[in-house]
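J.: Here's a structure for you.
The values are calculated or read from the model by the stated rules, or taken from the named source; none is laboratory data. Everything quoted here is computed from the prediction, not taken from an experiment. Reconstructed Cβ throughout: ideal geometry from the backbone, glycine too, with neighbour counts over all protein chains shown. Side chains included, ligands, DNA and RNA excluded: accessible areas come from the protein's heavy atoms. Shrake-Rupley method; radii C 1.70, N 1.55, O 1.52, S 1.80 Å.
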Amino acid sequence: MPHTRTRNPSPIPDVNWDVGLKEMNETWKGAVACIGVAIFFIMTIGIIYWQVMDQPNKNWILKGAVSGLIWERNTHTLILQTLTEDKTYVEIDVGNFPDMEQNFVKNLCWLNKTDFCYTWDSITDLKIRLDRKFSAGTECYNITWTPIHCDVKLKDCFSMTNVSWYGGATLSAQHWPINNVNVDLQPFVISNLKSSPGAYGTILERYFIGSTGVSVLISPNIPISMTIQKNKYFCVETPASTERFPLQYTICIGQNIQTVHQEIGNQLYQNQRTLPNLSIVRTPVWKHYGESDSAAKLEREVRSFHNKLRRHGLGESLISLNEHSTLLLAMKDHKPNTDQGGETQRQRRDPHTIKNLNISVSSSLYQSVNSEKLQNYLHGGQDNYWLSLRSHVDGSLTPILTKWKGQFSVRLNLTNNAAIRWYFTNMSNLIKKLGAEYVVFEGAEGNTFLQHSIQAPKGLEGDSYTEYLAEAAVAKLGNSAIITAGTRSNHLPLFVQMPPLASDWSYNGLRGIVPSVLHYSLLGYNFFIPDAIGGTLTDEFITEEELFIRWLQIVTFLPVISFNTPPWVCCDNWVLNLTRRYIHKHQVLVAPLLLKYAEDWLNTGIPIFRPVWWLSPEDPLAFTVDNEFLIGDEILIAPVTEKGKVQRDVFLPGKDYQWTDMSTSQVFDGGTLLRGYNCSLKEIPVFVRKTP
């Protein structure tokens, strides 16, 4: 943090010689002068030694029952350690700290043993408060830096040395832990990863947890920017502003990473958790990307696709319609039709022929400026339904232009109650007409004002738009909504659609699936829909058989199996048979297990999908395993994520457990690493915890 150098008066005292010395003889004068000089010299040397040599580099500034904060003056670092100093939880570099002549450990909170206060050069105040309200072994430190003047930036950096960190925001190339990525300094808000692959999004919480048993929860009420430097640190920073934003966060420690997450991470917002409509868990999702130019043609295509799925023995499915198809169907009942004589027009109200099918529809909060509908809205006095700026001249509203799917568009104003009622009434009517099971809300991510460098009005700062959408979708439509982004909404009965992935083996593609699963579940978003098998970033069918199979094997053990490329398009007939087999495995093995642990999550908040360190919280090897995951404590899934591999290393967590391979019935001890474990292209290593 930038501060000016503190200028303190010299600690060396002024020496005033008594005038009586003038009356002494020269011998005594000389003797006294020599003694005075000697005393002065000794005092000077003593003070210098005290300031430079005798002062320790480390000073305790606050102590709890099991931990405490140390100030390391040489590196300008706050260190959170056990009182015995045998374990370091985290080191925090407080930035551009000034060289100070007076000691940092001078506490301005005086005799209060749970608070520490300090002020630097009238620029910024620091207050640290110890919170002991948790169970034994868990302690929290509330840290607040408050600028005294305007335009002061505050910045703290959390070291990655000997600490693996998890949490924060989704990345386009998701890693587990986040130590292995670089992200430039930018506002810590949700963005569209397809258009901004280097940004943050689409699931974002200000919560981080480290392998040493430490968690960091940053205040949600202040704007911050964040950067990650690979294997070095991640930093949070407030903007320089006339509003003098404080930097506020809470650091908590526990016995290990699992216990601190159970106590702190599960209480992020302390809202009552509710379950979404879980019928989708038993039904594979098939995306329909038809570009029909009429509702009638679209309905024929959808019905034909449905019949084709049944002919191929793929059972009942949910057919997902994109936004274009949904708009076609929405307009069907309102299109005028000319009778055979060509003289009169009447409104035809044919029933929708796909109403008896199992479908989901898609809608966004955007309206193209080229659409006739928008012009009608504006002429009808609905200009305040869209995010707008007010003219300083006449007070009129002008909608803010933004881009959505390549077209200039305007975005719905979710702070306008009339706009919300209008939008969700239309959606509710459409759902009833089509008999849709679910509705996907696209475009939840992004901040329109931030994208245009415009000061957001009160209530729409940061990620408030995304938060409003989640709450409104649940309030108006119940528990059958699917959104594309989320923050502060993990307690709501929603499914979250994961962002599109590349059709390859990188962390942008298949290898990023498991890290994303662990990231979502750690932050409380257990009910998600992974990207369709093979990836949809380019909206093209995949043709690589091996990629299709390995992708299918992973998503079989996730909440929903989602398809974009039909197996009969990309692959040979044996792959179609394999697809049937894995869909059946999902329905009879995985779905019941997910429903069981959904109830556990509802009651305890413990994640459904767990990293291997959940059962081995003290094992350093477990902290970097990014290609395995657990369902509860019962099943371990170890998919193949590298092209051409038919072997892989498998870490079996829990030294007190035993694990049985579902395919071979072999039993292995937990806490061990199986090197070069065989896994043919047709199989995925799955281990079941052996009960005593």
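J.: Is it true that Leu636 is under 17 Å from Leu615 (Cα atoms) and not charged (D, E, K, R)?
T.: Numbers: under 17 Å from Leu615 (Cα atoms): yes; not charged (D, E, K, R): yes.
It is true that Leu636 is under 17 Å from Leu615 (Cα atoms) and not charged (D, E, K, R).
J.: Under 7 Å by Cβ, and 6 or more places apart or on different chains, what pairs join a residue from the stretch 191-209 that is closer than 21 Å to Val260 by Cβ and open to solvent by 10 Å² or more (accessible area, probe 1.4 Å) with one that is not in a strand (DSSP E or B) and not β-branched (Val, Ile, Thr)?
T.: What qualifies is Arg206/Pro220.
J.: Which residue pairs have Cβ atoms closer than 9 Å, lie 6 or more positions apart in sequence or on different chains, and pair a first residue in the stretch 495-506 that is more than 17 Å from Thr484 (Cα to Cα) with a second residue that is assigned to a loop (DSSP other than H, G, I, E, B) and charged (D, E, K, R)?
T.: Ser503/Glu540; Ser503/Glu544; Asp504/Glu544; Asp504/Lys643; Trp505/Glu642; Trp505/Lys643
J.: Which of the residues that make up the stretch 648-692 are over 32 Å from the mean Cα position of the chain (by Cα) and under 17 Å from Val625 (Cα atoms)?
T.: Answer for the stretch 648-692, where residues must be over 32 Å from the mean Cα position of the chain (by Cα) and under 17 Å from Val625 (Cα atoms): Arg675, Gly676, Tyr677.
J.: Continuing with the same structure: Being among the aromatic types (Phe, Trp, Tyr) and at pLDDT 95 or above is the filter; apply it to the stretch 215-264 and report the residue that is farthest from Phe623 (Cα to Cα).
T.: Narrowing the stretch 215-264 to residues among the aromatic types (Phe, Trp, Tyr): 233-234, 245, 249.
Going one step further and asking which of them are at pLDDT 95 or above, we end up with 233-234, 249.
Working: Tyr233: 17, Phe234: 18, Tyr249: 24 Å.
Here the residue is Tyr249.
J.: OK, next. May I ask you to verify whether Leu501 is more than 20 Å from the chain's Cα centre (by Cα) and crowded, with 20+ Cβ neighbours inside 10 Å?
T.: On the way: more than 20 Å from the chain's Cα centre (by Cα): no; crowded, with 20+ Cβ neighbours inside 10 Å: yes.
In short, no.
J.: Using the structure shown, decide if Lys690 is open to solvent by 60 Å² or more (accessible area, probe 1.4 Å) and closer than 29 Å to Glu545 by Cα.
T.: On the way: open to solvent by 60 Å² or more (accessible area, probe 1.4 Å): yes; closer than 29 Å to Glu545 by Cα: no.
Here the answer is no, as Lys690 does not meet what is asked.
J.: Being closer than 17 Å to Val260 by Cα and part of a loop (DSSP other than H, G, I, E, B) is the filter here; which residues of the stretch 611-625 pass it?
T.: If the condition is that a residue be closer than 17 Å to Val260 by Cα and part of a loop (DSSP other than H, G, I, E, B), then Pro611, Leu615, Ser616, Pro617, Glu618, Asp619 are the ones that fit.
J.: Any idea which of (1) assigned to a loop (DSSP other than H, G, I, E, B); (2) touching a residue at least 60 places away in the same chain (Cβ under 8 Å); (3) over 19 Å from Thr227 (Cα atoms) is the one Cys140 doesn't satisfy?
T.: Single failed check for Cys140: (1).
J.: Turning to a different aspect of this structure: Looking at Met100 and the list (1) modelled with pLDDT of 90 or more; (2) surrounded by fewer than 21 Cβ atoms within 10 Å (Cβ to Cβ); (3) aliphatic (A, V, I, L, M); (4) assigned to a loop (DSSP other than H, G, I, E, B), which single condition is not satisfied?
T.: (1)
J.: Separate question: Assess whether Ser215 counts as being without any contact (Cβ under 8 Å) to a residue 60 or more places away in the chain and more than 30 Å from Glu599 (Cα to Cα). Explain how you work it out, then say what you get.
T.: Working: without any contact (Cβ under 8 Å) to a residue 60 or more places away in the chain: yes; more than 30 Å from Glu599 (Cα to Cα): no.
No.
J.: Being surrounded by fewer than 19 Cβ atoms within 10 Å (Cβ to Cβ) and either modelled with pLDDT under 95 or assigned to a loop (DSSP other than H, G, I, E, B) (or both) is the filter here, so list the residues in the stretch 581-604 that pass it.
T.: Within the stretch 581-604, Glu599, Asp600, Leu602, Asn603, Thr604 meet the criteria.
J.: Looking at the stretch 117-135, which of the residues that are over 16 Å from Leu247 (Cα atoms) and hydrophobic (A, V, I, L, M, F, W, C) is modelled with the lowest pLDDT? Don't jump to the end; show me each part of the working.
T.: First, pick out the residues of the stretch 117-135 that are over 16 Å from Leu247 (Cα atoms): 121-122, 130-135.
Of the ones still in play, those that are also hydrophobic (A, V, I, L, M, F, W, C) are 130, 134.
Details: Leu130: 95, Phe134: 85.
My answer is Phe134.
J.: Output yes when any residue across the stretch 119-134 is under 24 Å from Gln81 (Cα atoms), open to solvent by 50 Å² or more (accessible area, probe 1.4 Å), touching a residue at least 12 places away in the same chain (Cβ under 8 Å) and part of a loop (DSSP other than H, G, I, E, B), and no when none is.
T.: yes
J.: Considering (1) modelled with pLDDT of 95 or more; (2) farther than 27 Å from Gln267 by Cβ; (3) of a type outside the set (S, T, N, Q); (4) in a loop (DSSP other than H, G, I, E, B), say which one Ile549 fails and leave the rest.
T.: Here Ile549 meets the rest and fails (4).
J.: Within the set of pairs 6+ apart or on separate chains, which have a first residue in the stretch 628-643 that is outside any loop (DSSP other than H, G, I, E, B), a second that is modelled with pLDDT of 95 or more and basic (Lys, Arg), and C-beta atoms under 6 Å apart?
T.: As it stands, the answer is Leu630/Arg610, since those pairs meet every condition given.
J.: Out of the stretch 224-263, which residues are of a type in the set (D, E, K, R) and part of a loop (DSSP other than H, G, I, E, B)?
T.: Pass one, the stretch 224-263, residues of a type in the set (D, E, K, R): 230, 232, 237, 243-244, 263.
Correct list: Lys230, Lys232, Glu243, Arg244.
J.: For the stretch 447-544, which fully contained helices (runs of 4 or more DSSP H) count at least 1 residues that are at pLDDT 95 or above? Show your work before the answer.
T.: On the way: elements: 448-451, 464-477, 513-522.
By residue number, 464-477, 513-522.
J.: Also: Within the stretch 145-190, track down each residue that is open to solvent by 50 Å² or more (accessible area, probe 1.4 Å) and β-branched (Val, Ile, Thr). Give the derivation first.
T.: Kept after step one, since they are open to solvent by 50 Å² or more (accessible area, probe 1.4 Å), are these residues of the stretch 145-190: 146, 148-151, 153, 155, 161-162, 180, 182, 184-185, 187.
Those that are open to solvent by 50 Å² or more (accessible area, probe 1.4 Å) and β-branched (Val, Ile, Thr): Thr146, Ile148, Thr161.
J.: A follow-up question, please. Look at Leu630 and say whether it is closer than 22 Å to Arg675 by Cα and open to solvent by 20 Å² or more (accessible area, probe 1.4 Å).
T.: Numbers: closer than 22 Å to Arg675 by Cα: yes; open to solvent by 20 Å² or more (accessible area, probe 1.4 Å): no.
No: the conditions fail for Leu630.
J.: Against the condition in a strand (DSSP E or B), small (Gly, Ala, Ser), modelled with pLDDT of 80 or more and within 16 Å of Glu299 (Cβ to Cβ), how does Ser360 come out, does it pass? Even if it seems obvious, please write down each step before you answer.
T.: Numbers: in a strand (DSSP E or B): yes; small (Gly, Ala, Ser): yes; modelled with pLDDT of 80 or more: yes; within 16 Å of Glu299 (Cβ to Cβ): yes.
When the stated conditions are applied, Ser360 passes them.
J.: Looking at Thr448, Thr466, Thr425, which is the one that is out of contact with any strand residue (DSSP E or B) (no Cβ under 6 Å at 6 or more places or on another chain) and over 29 Å from Gln267 (Cβ atoms)?
T.: Thr425
J.: Same structure, new question: Would you point out which residue out of Ala622, Ala591 is aliphatic (A, V, I, L, M), in contact with a helix residue (DSSP H, G or I) (Cβ under 8 Å, 6 or more places away or on another chain) and farther than 21 Å from Met662 by Cβ? If you could, list the steps in order and put the result at the bottom.
T.: Numbers: Ala591 fails: farther than 21 Å from Met662 by Cβ.
The conditions single out Ala622.
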